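See structure below.
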Amino acid sequence: MDLELSREDIAFRDGVREVFTREIPEDIRRRNALSRTTHDDIVTTQRILNAHGLAVPHWPVAWGGKGWTPTQSHIYASELQRNSVPQPLAFNVSMVGPIIAEFGSEEQKRQFLPATANLDIWWSQGFSEPEAGSDLASLRTTARREGDVYVLNGQKTWTTLGQYGDWMFVLARTDPDAPRKQQGLSFLLLDMTTPGIERRPITLVDGSEEVNEFFFDNVRVPVENLVGEENKGWSYAKFLLGNERNGIAQVGTSQRVFADLAEAAAGIPTESGTLADDPQFRTSMHSARTTLLALEATQLRVTGASENGQASPVSSLLKMEGTKALQELSKLRMRAAGDDSMLLPPDGDAGESLHADDAATIAAAQYLNQRKLSIFGGSNEIQRGVIAKTILGL
Ligand SMILES: Cc1cc2nc3c(=O)[nH]c(=O)nc-3n(C[C@H](O)[C@H](O)[C@H](O)COP(=O)(O)OP(=O)(O)OC[C@H]3O[C@@H](n4cnc5c(N)ncnc54)[C@H](O)[C@@H]3O)c2cc1C
């Protein structure tokens with residue numbers, strides 16, 4: 001299931017694959033394959049990648065970018081996922097980093113970009129609020145200018161891994177009287193040690209605590225932490241959301257899951273042979289295979305069409321179809337695990353001791369967890385609206 005590559009691209013692929021498999025510890029990659037990646041796994045991996053110049057290849061060259069061709073960028077992302085390497089933290093490398101590089105002051109670039117690439121700072125995303133998810137521009141958190149600070153009041157929700165966040169990039173309303181709700185928003189960088197911030201964890205359907213609510217009570221943000229121009233935050237947010245969508249599709253991860261599943265199915269006995277011979281399962285696998293081929297070509301198109309760090313509108317299509325493919329595969333994984341998928345996963349620091357056989361016992365948790373993929377980064381219904389407007393011109 002590979003696109004045809006030139007000799008140079010094959011050499012490039014072998015080079016990155018070599019670093020990923022030699023330098024990233026196997027236990028980290030194993031936990032990642034089983035969705036049991038820890039905070040330390042993510043930090044360790046990103047620092048190793050950064051030391052090899054592979055954490056932020058899509059950033060401007062002056063700040064650690066590589067200036068790769070679209071095909072090379074595609075190969076890099078695909079190899080990371082196929083080899084179960086924990087992805088560099090999206091909040092850092094795909095979201096706030098490119099925004100600071102493009103719109104930040106020289107001082108902000110110097111202060112934040114190297115630390116963001118090396119995950120010395122863990123960022124979280126403070127966009128969504130109750131009543132302002134799909135309709136993000138309705139957000140009500142305010143940042144009132146008082147001399148040389150903005151005073152932040154309001155609430156953010158669904159903040160992924162915010163429990164680890166050293167800093168948060170926040171979209172807040174700086175001009176409540178602006179004629180349109182998209183106007184009057186600003187993009188602020190918030191040090192999470194500032195007084196007045198309260199965090200409350202949210203437990204997800206699979207039992208994990210990966211999202212949080214945050215409450216701001218007169219939190220004082222220095223004006224130098226404003227990115228770009230005051231009241232222009234919406235255009236920076238749109239720039240960021242395009243890149244966020246791009247990363248959620250994870251086509252390489254789907255390809256790895258597909259390959260694992262095909263191998264496992266051939267060893268699962270059924271009344272008439274193995275699961276791999278089961279007509280219904282085979283039909284589903286054929287359909288998944290075709291989808292993944294189309295997705296790989298689309299991913300390449302999106303990478304090729306992205307300019308100056310700005311994602312192409314096709315990223316909406318990729319996000320929608322890529323997440324549907326991942327969710328479909330998670331159903332097939334449940335089917336392959338059979339009754340074992342109903343067993344409880346190992347508890348506590350199980351990540352340390354999990355073996356490949358444990359994949360069956362976490363199939364249900366993964367299935368449930370992956371429901372989020374069609375919601376965050378703009379729900380798939382919202383992506384359809386974007387596609388209708390920006391691609392079909394409706
Ligand atoms: C696990 C998880 C992690 C997240 N992490 C973060 C994070 O780190 N930071 C952050 O800022 N946000 C985060 N989010 C928030 C996420 O971006 C929002 O949940 C998402 O944008 C949907 O908003 P909502 O939950 O308010 O649902 P709503 O906007 O209320 O939507 C409810 C339903 O209505 C549909 N709908 C809404 N408007 C339309 C429309 N115009 N046309 C058609 N259908 C529509 C939606 O598709 C959805 O099915 C996360 C969400 C989840 C579930």
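The values are calculated or read from the model by the stated rules, or taken from the named source; none is laboratory data. Here the structure is a predicted model, which means the values were calculated and not measured. Here the Cβ positions follow ideal geometry from the backbone for every residue, glycine too, while neighbour counts run over all protein chains shown. Ligands, DNA and RNA are stripped out before the accessible areas are found, and what is left, the full protein with its side chains, is counted by its heavy atoms. Shrake-Rupley method; radii C 1.70, N 1.55, O 1.52, S 1.80 Å.
Please report, as a whole percent, how much of the solvent-accessible surface of the chain comes from carbon and sulfur atoms (probe radius 1.4 Å). After summing per-atom areas, the C and S share lands at 51 percent.
Charge dipole of the stretch 7-88 (Cα centre as origin; +1 on each Lys and Arg Cβ, -1 on each Asp and Glu Cβ, all else neutral): 120 debye, rounded to the nearest 20. Placing +1 at every Lys and Arg Cβ and -1 at every Asp and Glu Cβ, with all other atoms neutral, what dipole size does the chain have around its Cα centre, in debye to the nearest 20? Computed charge dipole of the chain: roughly 1040 debye.
Restricting the stretch 62-166 to chymotrypsin sites (Phe, Trp or Tyr not before Pro) that sit in a DSSP loop and have at most 16 other Cβ atoms within 10 Å of their own Cβ leaves W68. Of the residues I248, L80, H39, the one whose Cα sits farthest toward the positive end of the charge dipole of the chain, with +1 on the Cβ of Lys and Arg and -1 on the Cβ of Asp and Glu, is I248.
Evaluated at q = 0.21 Å⁻¹, a Debye calculation over the C-alpha positions of the stretch 7-88 (equal weights, vacuum) places log10 I(q)/I(0) at -0.96.
Adding -39500 (n - 2.57) for every DSSP H run of four residues or longer, then dividing by how many residues the chain holds, sets the calculated 222 nm ellipticity at -13500 deg cm²/dmol. Could you give me D for the stretch 123-230, from Stokes-Einstein at 4 °C and 1.567 mPa s, where the hydrodynamic radius is the Kirkwood radius over C-alpha pairs? Units µm² s⁻¹, please. It diffuses with D of about 93 µm²/s by this estimate.
Working note: Cα gyration tensor of the chain, eigenvalues times five, square-rooted, sorted largest first, giving semi-axes of 36, 23, 21 Å. Extension gain for A115 to S272 (0.36 nm times residue separation, less C-alpha to C-alpha distance): 50.8 nm. Across the chain, the relative contact order, built from alpha-carbon pairs under 8 Å that are at least six residues apart, equals 15 percent.
Neighbours of N92 by Cβ distance under 13 Å: Lys/Arg scored +1, Asp/Glu scored -1, total -2. Were the residues from I375 through V205 laid out at 0.36 nm apart, the gain over their Cα-Cα distance would be 59.8 nm. Axis angle, to the nearest 10 degrees, between helix 279-305 and the longest C-alpha principal axis of the chain: 40 degrees.
Contact order for the stretch 91-240, expressed relative to its length and based on alpha carbon pairs under 8 Å spaced 6+ residues apart, stands at 26 percent. For the chain, the longest principal axis of the alpha carbon atoms and the long axis of helix 233-248 meet at an angle near 10°. Excluding ligands, DNA and RNA, the accessible surface per residue across the chain is 47 Å² with a 1.4 Å probe. Taking a straight Cα-Cα cut-off under 19 Å and skipping sequence neighbours fewer than 8 places away in the same chain, the lysines within cross-link reach of K156 are K181, K238, K372.
With R₀ set to 35 Å, the beta-carbon distance separating A262 from D191 gives a calculated FRET efficiency near 0.15.
Charges were assigned to the Cβ only: +1 to each Lys and Arg, -1 to each Asp and Glu. The resulting dipole of the stretch 88-173 about its Cα centre is roughly 120 debye.
Summary: within the chain, the longest segment free of GluC sites (Glu not before Pro) located in DSSP loops with at most 13 other C-beta atoms within 10 Å is 5-130. Maximal additional length on extending the K389-E229 stretch stands at 54.9 nm, based on 0.36 nm per residue less the C-alpha distance.
With R₀ set to 45 Å, the beta-carbon distance separating N153 from T44 gives a calculated FRET efficiency near 0.75.
When DSSP beta bridges are restricted to pairs lying wholly in the chain, around 85% turn out antiparallel.
Note on E328 and Q182: the model spin-label points, each 7 Å out from Cα along the C-beta direction, lie 3.3 nm apart.
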